[in-house]
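The values are calculated or read from the model by the stated rules, or taken from the named source; none is laboratory data. Owing to the predicted nature of the structure, the values given are computational and were not obtained by experimental measurement. Here the Cβ positions follow ideal geometry from the backbone for every residue, glycine too, while neighbour counts run over all protein chains shown. Accessible surface is based on the protein model in full, side chains and every heavy atom, while ligands, DNA and RNA are left aside. Shrake-Rupley method; radii C 1.70, N 1.55, O 1.52, S 1.80 Å.
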Amino acid sequence: MRLSTVLSVFMLNIICFAGSAQIEGKVAEFDEGFWKDSTALTVLTREEQEFKGIILKEIHVKKFLYDSYYSEQSQKYIPDVLQEENLFYKRVRLNNDAAVEMFNKVYISNSRGRKVINLKARAITKDGKIIVFDDSNKKEIENYENAGPYTIFALEGIEVGSEIEFTYTTKELAKNYYFSETIQGALPKRSFHFEIVSAPNLVFQTKSYNGLAELVEDSSATDVNRYVLTVDQVEKFKDEQYSLGEALRQKIEVKLYENTETFKRNFYSWSEAATEYSNYIYAPKDEKKLKDEKKRLNKFIKKNGFAKIADKRLQIAEIEHYIKGNFEFSGKGPYFANDIIEGKSYSKFSAVRFMALILKSLDIDHQIVITSNRFDSTFDPDFETYNTLETFLIYIPKLDQFLDPTNQFFRLGLVPSKYAYTKGLFLKMIEIGGVISAFPEIKNIPGTASELTYSNLTVDIGFSEDLEKINAHVKHEMNGYIAVSLRPYMKFVAAEKRKELLEGLLKQIGADAVITNIVTENEEMEGYMLDKPYIFEGDADSITSLLESAGNKILLKIGQVIGTQVEMYQDTARKFGVENVYNHGYNRVINVTVPEGYSISNIEDLSMDVSYEQEGKRLMAFTSKYKLDGNNLTVTCNEFYNIIRLPVGEYESFRKVINAAADFNKITLVLKH
C-alpha cells in the first residue's frame, strides 16, 4: 500500500543522479513542552527595546509521515497515506503600535483541504495579566481576499508592552516536496528552531543561504529522518538601496532527494525538469490533437506571411508583434495552438508553447529557458529544485537574443530585467526519428549594455526679451528598458491622458513650463524595437523656476534641467553589495543662448568627471563638459552604468557616480552683466 501511495502522489518519472551529502550530527530531541502552563513577561535588553517588536521564540516543525487519512469523497479512512503536518509556534513582544497592528490577527490558510488543529493563543499584558483567547476569537472565511479559505484568529485587547503567544498545527495530504523556508523578517528573533521530520524511506536535501548555518541530519534519530536548525539570534532584515533585496534574506531551500523504497533519487533535478517541460511543449500525448494543431499552425503562418520574411530578426519580431497585439492573456487559456488561434487567447504557459511551436514550424532554432526573479531568489546551479523555475523565456541562438512570450510589453532582445543578468536552465532540444528530447544546461542570461538602454535629452534654452523667463525646446529619446516603461502603454491611454503624461515628462525642465507643439516618433510597437528609440519633444516656454535675479546678475539653475536625481547617503556601514536593475546610460545636451552683454563667472563648475573602472576600462561614469562659442554655451553630460553588480567593498565608488549626477543637479550658473 505504501509504495503505490507514494508513486501516485509523486506522479514523476525519476532518473538517478548523485547528490551531495547532508551534514550529520547528534541533535537534542525536540522540546514538546514549549507551551508552558504559566508564563510571565520577558525581560528585554536595551537594544531589544529599540525595535518595534521582537520575536522571542519561533518554532516550525514540518513532518512527512504516513498515517490514516479520512477521505471526504469516499467517506472512509484510508490507511498508510503520506501526510504533511506543520507545527507553528511564536512568541512576540510588542514594543509599539506598529507591532500591535502586525500581530492583532493570526491568518492561517486552509487551502488544499488543510485542517487546523491545536490552535491556542494568549497574551501577557504589560501589567503581567494573562488573557487566554478561545474559539469566540476565531472566524472561518471561505474566500479571504480571493486567496481561498482562511482561519482568522483575532487577538483582541493586546497593547504596547504586551507579549502574544500562539501555536497551531496544520495537517494535509503531502503534495509539495520542494519548498523554501525564509528565516529573516521585519523583526529580529531571539530564538528560532526549524526541523523536518520524515518517514525513514524519504530522504531530504537542504541548503542554507546568505550566511545561515546548514541544517544537521540527526544521526541519533532511529524511526525517522530528522533535519534540524536552531539559531540563537536572527538579525532583523534591512533592505538597502541598489541591492538584491528579498534575495538577501537568510533562507533554506529544501527538496525531497530520495525514496529508498522505490530506489529513486534526485527528485526535481534539472534533467527531470528538461524532460517534463519539453514534453509539455513539444510532445503532448494526444496524437490526433497534435496533427490538427500542426495543420492549423501551418495555415496560420501562411495566412500572415511569416515564412516570407527573410530576415530572421524581423521575422521573429513580426510574429511576436502580431501575437501580442491580437491575442489576450487569460487565467486558464487553451493548451493546443488551434484553440489559441480560434479563441485569440492564451495563458502564461500556453503562450510559451504557442511561440515555441511557431518557431519550430519555421525551423528557427530556439531554446526554452527557465529562471527566477533575481531580486526574490538567486538562481543556484548547484541546488537542483523546481523552486527556482519561476518563469519561461525563449532564446534564439542565431541572434544571441531572448524574448519573453508571457509579457505583452517586451519584445525580442529585451526581457524583464529581473529575469536577466542572472543564470537560467536552458533546454536544448534534440529530435531523432520524430522523438524530441531535451538536454539541460545552466548558462547566463545576459542583459543589455548601456548602449541599448538609454534616456537622452536635448534642451535648447533661450531667454525672453526682459530676461525674466526661459523659453526652451525639449527633446527626449528613450530606448531599451527605459522606453518599455512608457511606449507600450501609450496606445492604451485616452488622448487627453496621453497629452497629460507627455506634458508632465516635458515639464521636468521646470514645473511652471507652458508645453506646446508636442511631437512623437516610433510610438507604434512594430519592427525591431531596439533599433527604434521612442522620441517625444515639445516647446517649454515661460519658465521662471530656473531663474533668479541678484542685482546685475542672473542665476540660471542649469542643473535642474536634467531633472531630480537620486542621492545616496549611508548612515550605517553598507552590508550588501550593489545590484543595479539594468545597465543604462543618459546623454544630455544643453544648449544655452547667453544674453548679449553677459558672461558666466563660474563656468568651470560645469566640468565634472567621476568614474569607476576595472582593468583600465570605464564601467560607470558621470562626466560633464562645456563649450562656449561666443554667446552659445553647449553643456554635454554623459552618465552610464555598464556593470550590473559590485561587491560591498566597491559600494563607495558606485555611490560617488550616482551622487555626481545629484551634484550637477544643484549647479547654478552666475551670469554677470
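Accessible surface area normalised per residue over region 240-356 is 48 Å², counting heavy atoms of protein chains with a 1.4 Å rolling probe. Under the simplified labelling scheme, the Asn552-Thr458 pair shows an inter-label distance of 3.7 nm, with each label point 7 Å from Cα along Cα→Cβ.
Take the alpha carbon gyration tensor of the chain, find the square roots of its eigenvalues, order them as a ≥ b ≥ c, and report rounded if a/c is under 1.5; if not, report prolate when a/b exceeds b/c, else oblate.
Since a/c reaches 1.5 but b/c is at least a/b, the shape of the chain is classed as oblate.
Derived from the Cα gyration tensor, the three semi-axes of the equivalent ellipsoid of region 249-393 are 33, 19, 14 Å, largest first.
Among DSSP bridges having both ends in the chain, what percentage is antiparallel? Round to the nearest 5.
90
In this rough spin-label picture, where each label sits 7 Å from Cα along the Cβ direction, the Ser542-Glu521 distance is 2.9 nm. Computed with every protein chain present, the accessible area of Glu503 is close to 40 Å² [probe 1.4 Å].
May I ask you to rank Leu555, Leu501 by accessible area, largest first, using a 1.4 Å probe over the protein chains only?
Details: Leu555 40, Leu501 70 Å².
Greatest to least solvent exposure: Leu501, Leu555.
Helix 348-361 and the longest principal axis of the C-alpha atoms of the chain enclose an angle of approximately 70°. Here's how it looks for Ile252: its modeled amide H is under 5 Å from those of Glu181, Thr182, Ile183, which are all 5 or more places away or on a different chain. In the context of the full protein assembly, His673 retains an accessible surface of approximately 130 Å², using a probe radius of 1.4 Å and ignoring ligands and nucleic acids.
Around the amide H of Ser345, modelled in the peptide plane, lie the amide H atoms of Glu328, all under 5 Å away and 5 or more residues distant in sequence or on another chain. In percent, rounded to a whole number, the relative contact order of region 119-216 is 24, using alpha-carbon pairs under 8 Å and six or more apart.
When the Cα positions of Ala494, Ala511, Ile442 are compared along the charge dipole of the chain, Ile442 comes out farthest toward the positive end, with charges on each C-beta of Lys, Arg, Asp and Glu. Here the scattering of region 471-610 is modelled by Debye summation over its C-alpha atoms, one equal scatterer each and no solvent; at q = 0.15, 0.19, 0.21 Å⁻¹ the log10 of I(q)/I(0) is -0.96, -1.24, -1.36. Under 18 Å of direct C-alpha separation, and excluding same-chain neighbours fewer than eight residues apart, Lys475 reaches these lysines: Lys499, Lys507, Lys532. Close lysine pairs were tallied over region 543-661: pairs 8 or more places apart or on different chains with Cα atoms under 27 Å apart number 12. Using a cut-off of 24 Å between Cα atoms, the listed pairs Lys62/Lys418; Lys398/Lys428; Lys76/Lys175; Lys57/Lys238; Lys76/Lys138 include Lys62/Lys418; Lys76/Lys138 as exceeding that distance. Backbone geometry of region 174-181 corresponds, through the Karplus equation with coefficients 6.51, -1.76 and 1.60 at θ = phi - 60°, to 3J(HN,Hα) couplings of 6, 9, 10, 10, 9, 6, 10, 10 Hz, x marking Gly and Pro.
Entry note, the chain: the mean residue ellipticity at 222 nm calculated from DSSP H runs of n ≥ 4, each adding -39500 (n - 2.57), is -5500 deg cm²/dmol after division by the residues and rounding to the nearest 500. Phi-derived couplings, Karplus 6.51 cos²θ - 1.76 cosθ + 1.60 at θ = phi - 60°, listed residue by residue for region 290-305: 5, 5, 4, 5, 4, 4, 5, 5, 4, 5, 5, 5, 5, 4, 8, x Hz, with x used for Gly and Pro. Here region 525-673 is treated as an ellipsoid with the same Cα gyration tensor; its semi-axes, largest first and in whole Å, are 32, 21, 15. Converting phi to 3J(HN,Hα) with the Karplus coefficients 6.51, -1.76 and 1.60 and the offset θ = phi - 60°, region 419-433 yields 9, 10, 6, 8, 9, x, 9, 9, 10, 8, 7, 10, 10, 10, x Hz in sequence order, with x at every glycine or proline. What is the distance, in nm, between label points placed 7 Å from the Cα along the Cα-to-Cβ direction at Lys491 and at Ala147? Once both label points are built, they end up 3.6 nm from each other.
When Lys189, Lys302 are compared by accessible area of protein heavy atoms, the largest-first order is Lys302, Lys189, using a 1.4 Å probe. How high is the relative contact order of the chain, in percent, with contacts defined as C-alpha pairs under 8 Å that are six or more residues apart? In percent, rounded to a whole number, it is 9. Using a 1.4 Å probe over the heavy atoms of the protein chains, calculate the carbon and sulfur portion of the accessible area of region 358-468 as a whole percent. Ligands and nucleic acids excluded, carbon and sulfur reach 48 percent.
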